[in-house]
Amino acid sequence: MQKKLKDCDTVALDEGQNAVVILDQTLLPGRTELIALKTAQEIWDAIYLLKVRGAPAIGVAAALGIYVLARDISAEDFEAFYEKFCEYKEYLNSARPTAVNLSWALNRMDRAALQAGKEERLAVPQVKERLRREALCIRQEDVEVCRRIGENGLSLVKPGDGILTHCNAGRLATVQYGTATAPIYLGQERGYHFKVYADETRPLLQGARLTAYELQEAGVDVTLLCDNMSASLMAQGLVQAVFVGCDRVAANGDAANKIGTLMVALAAKRYGVPFYVCAPTSTIDFHTPTGKEIPIEMRPEDEVTQMWYRERMAPQGVKVYNPAFDVTDHELIAGIVTEYGVARAPYEENLRKLMEGHGR
Ligand code: MRU
């Protein structure tokens, strides 16, 4: 019998085999398979090929991944160890450009290495131990942060509401709860009886394969939609709120998320449906002033023309445009739901206040 998602970790550390163990999301919902990643190439491929995906899960995989790689570095002096560590860091960081959680997690690991090896002058085995602790801490924090996003998001909706989501910002995109799905899971625990609508999310179908699957398994009332259906649902008054995840929030509140999110936000504006972006503060990037500067990942053509179809469905040689993400203008966003609270416009000012209020 196929294993339940709730019994599998999205991303975890297996110290016995010194590996990052992930649930291979490219096989879902048909097969639930865990795979062990031991080499830099395997970790990079798993991130690039979306075997592990979703901004927070990518960050956690990178943190655990760089620890696994660091553990095998044989150098005895810190300088030599750190040189190899930086090589791995740069390599893993190149796997996907948009989700800032990737570089955020790797930079945290870097700081832990420098603190232990350079400032405290600890021996390399102790530096490795610090890296282990930091990686596990990043993973554990993700659970707590998502739960708090859930509480804050839940305060924005009421029992029986229709909630629309795009892509998968669910537990599969994090360690637990998800970001956009966290209010839905908490509402489920508390008898809110939401009606959830999940966009299928072309071209890689994260909504159909992952969101619909994980919510259905959890007993949530979920209905699957093609990407071009959400406006009609809003026009009928069936959606009271949109919750989406996010790969990077620029300083002015512009938010990059899965391609198609912008269309949902525009429709939501037209029909007066509040559009909320759920984002851990690790996804807020004050170094990127506006959405225009967010690097957008371009993906291979065959994801649009071939993948998921029994046979190629578009003419050979046709030009294909396949950006993985789009940027939703901050003016379309009713609130950014973080673990510290809900930030409202003006975002530049209020996101900073939110962070400073928590000593960040
Ligand atoms: O290409 P993906 O599947 O990694 O894209 C994922 C998304 O766009 C998610 O909405 C985002 O990473 C937030 S996940 C909590």
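The values are calculated or read from the model by the stated rules, or taken from the named source; none is laboratory data. Because the structure is predicted, anything quoted here is derived from the model rather than measured. Cβ: placed from backbone, ideal geometry, glycine included. Neighbour counts: every protein chain shown. Just so you know, the surface numbers come from the protein's heavy atoms only, side chains and all, with ligands and any DNA or RNA stripped out. Shrake-Rupley method; radii C 1.70, N 1.55, O 1.52, S 1.80 Å.
Aspartates and glutamates near LYS269 by alpha-carbon distance under 20 Å, same-chain residues fewer than 8 away left out - which ones?
In chain and number order, the partners are ASP161, ASP199, ASP227, ASP254, ASP326, ASP329, GLU331.
Order TRP104, TRP308, most accessible first, counting only protein heavy atoms with a 1.4 angstrom probe.
Details: TRP104 70, TRP308 115 Å².
Ranked from most to least accessible, the order is TRP308, TRP104.
Using modelled backbone amide H atoms (1.01 Å from N, in-plane), which distant-in-sequence or interchain residues come within less than 5 Å of LYS195's amide H?
Excluding prolines and chain starts, which carry no amide H, the hits are ASP161, GLY162, ILE163.
For segment 68-80, what does the Karplus curve 6.51 cos²θ - 1.76 cosθ + 1.60, with θ = phi - 60°, yield as ³J(HN,Hα) per residue in whole Hz, taken in order and with x for Gly and Pro?
Here the 3J(HN,Hα) series is 4, 5, 5, 4, 8, 6, 8, 3, 9, 9, 4, 4, 5 Hz.
Kindly count the pairs of lysines across segment 5-146 whose alpha carbons are less than 21 Å apart, treating pairs on different chains or eight or more residues apart as eligible.
Count of close lysine pairs: 11.
To the nearest 10 Å², what's CYS226's accessible area with a 1.4 Å probe?
So the heavy atoms of CYS226 present about 50 Å² to solvent.
Probe radius 1.4 Å, ligands and nucleic acids left out: which of ASP227, ASP199 has the largest accessible area, and how do the rest follow?
Details: ASP227 30, ASP199 0 Å².
Solvent-accessible surface, decreasing: ASP227, ASP199.
Calculate how many DSSP beta bridges within segment 152-356 are antiparallel, expressed in % of all such bridges and rounded to the nearest 5. Spell out each step's value before the answer.
Values: 10 of 29 bridges.
Expressed as a percentage, antiparallel bridges in segment 152-356 total about 35.
Please list, in chain and number order, the residues 5+ apart from LEU13 or on another chain whose amide H is under 5 Å from its amide H, with Hs placed from the backbone.
VAL21
Got a sec? Charge dipole of the chain, +1 on Cβ for Lys and Arg, -1 for Asp and Glu; which of PRO300, ALA265, CYS146 is way out at the positive end?
ALA265
Give the ranking of PHE325, PHE286 by solvent-accessible surface, highest area first, calculated with a 1.4 Å probe.
Numbers: PHE325 10, PHE286 55 Å².
Correct descending sequence by accessible area is PHE286, PHE325.
Tabulate in residue order the Karplus-calculated ³J(HN,Hα) for segment 312-318, using 6.51 cos²θ - 1.76 cosθ + 1.60 with θ = phi - 60°, rounded to whole Hz; enter x for Gly and Pro.
3, 10, 10, x, 4, x, 5
Return the sequence-ordered ³J(HN,Hα) values of segment 329-346 in whole Hz as given by the Karplus equation 6.51 cos²θ - 1.76 cosθ + 1.60 applied to θ = phi - 60°, using x for Gly and Pro.
Per-residue couplings from phi come out as 4, 4, 5, 8, 9, 7, x, 10, 8, 10, 5, 8, x, 9, 8, 10, 4, x Hz.
Equivalent ellipsoid semi-axes for segment 152-356, as square roots of 5 times the alpha carbon gyration tensor eigenvalues: give them largest first, rounded to whole Å. All intermediate terms of the calculation are to be shown ahead of the outcome.
On the way: eigenvalues 134, 98, 46 Å².
For segment 152-356, the semi-axes come out at 26, 22, 15 Å.
So how far, in whole Å, is the C-alpha centre of segment 67-81 from the one of segment 285-311?
So the two Cα centres are separated by 34 Å.
Would you mind calculating the relative contact order of the chain from Cα pairs under 8 angstrom and at least 6 residues apart, reporting the percent as a whole number? Let's see the in-between values first.
Values: 718 pairs, mean separation 52.7, N = 360.
Result for the chain is 15 percent.
Ignoring solvent entirely, what values of log10 I(q)/I(0) come out of the Debye formula for the chain at 0.07, 0.10, 0.12 Å⁻¹ when each Cα is a single scatterer?
-0.29, -0.60, -0.86
Taking +1 at the Cβ of each Lys and Arg and -1 at the Cβ of each Asp and Glu, which of HIS166, GLY253, TYR197 sits farthest along the dipole of segment 152-356 towards its positive end, judged by Cα position relative to the Cα centre?
Result: TYR197.
So what's segment 12-64 giving for Cα Rg divided by 2.2 N^0.38 Å, two decimals?
Values: Rg = 10.3 Å, N = 53, 2.2 N^0.38 = 9.9 Å.
Ratio of Rg to 2.2 N^0.38 Å for segment 12-64: 1.04.
How big is the shadow of the Cα convex hull of segment 5-146, averaged over all directions, in nm²? Spell out each step's value before the answer.
Working: hull surface 32.9 nm².
Taking a quarter of the hull surface, the average projection is 8.2 nm².
In whole percent, what relative contact order does segment 5-146 give with Cα contacts below 8 Å and a gap of six or more residues? Intermediate values should be presented prior to the final figure.
Values: 189 pairs, mean separation 30.6, N = 142.
Rounded, it is 22 percent for segment 5-146.
Give me the net charge for the shell around ALA314: Cβ to Cβ below 12 angstrom, other residues only, Lys and Arg +1, Asp and Glu -1.
On the way: positive: ARG312, LYS319; negative: GLU301, ASP302, GLU303, GLU311.
After counting each charged neighbour, the total is -2.
Which translational diffusion coefficient, to the nearest whole µm²/s, is obtained for segment 89-246 from the Stokes-Einstein equation, given a Kirkwood hydrodynamic radius over C-alpha pairs, 25 °C and 0.890 mPa s?
Details: Rh = 17.4 Å.
It comes out at roughly 141 µm²/s.
Need the list of lysines near LYS319 for cross-linking: C-alpha distance under 26 angstrom, and skip anything on the same chain fewer than eight residues off.
LYS319 reaches LYS258, LYS292.
Report, in debye and to the nearest 20, how large the dipole of segment 5-146 comes out about its Cα centre when Lys and Arg carry +1 and Asp and Glu carry -1 on their Cβ.
Numbers: 18 positive and 23 negative charges, 51 e Å.
The calculated dipole for segment 5-146 is roughly 240 debye.
Among THR32, SER94, MET109, whose Cα projects farthest towards the positive end of the dipole of segment 1-159, with charges put on the beta-carbon of Lys, Arg (+1) and Asp, Glu (-1)?
Value computed over the given set: THR32.
Report the net charge of residues surrounding THR290, where surrounding means a beta-carbon distance below 10 angstrom and charges are Lys +1, Arg +1, Asp -1, Glu -1. Don't skip to the end; give the middle numbers.
Details: positive: LYS292; negative: ASP254, GLU293, ASP329, GLU348.
In short, -3.
Nearest-5 percent of antiparallel DSSP beta bridges in the chain? Kindly include the intermediate steps, with their values, before the conclusion.
Working: 18 of 37 bridges.
Looking only at bridges with both residues in the chain, the antiparallel portion is about 50 percent.
Could you work out the helix-only [θ] at 222 nm for the chain, with each DSSP H run of four or more residues adding -39,500 (n - 2.57) and the total divided by the number of residues, to the nearest 500 deg cm²/dmol?
-11500 deg cm²/dmol
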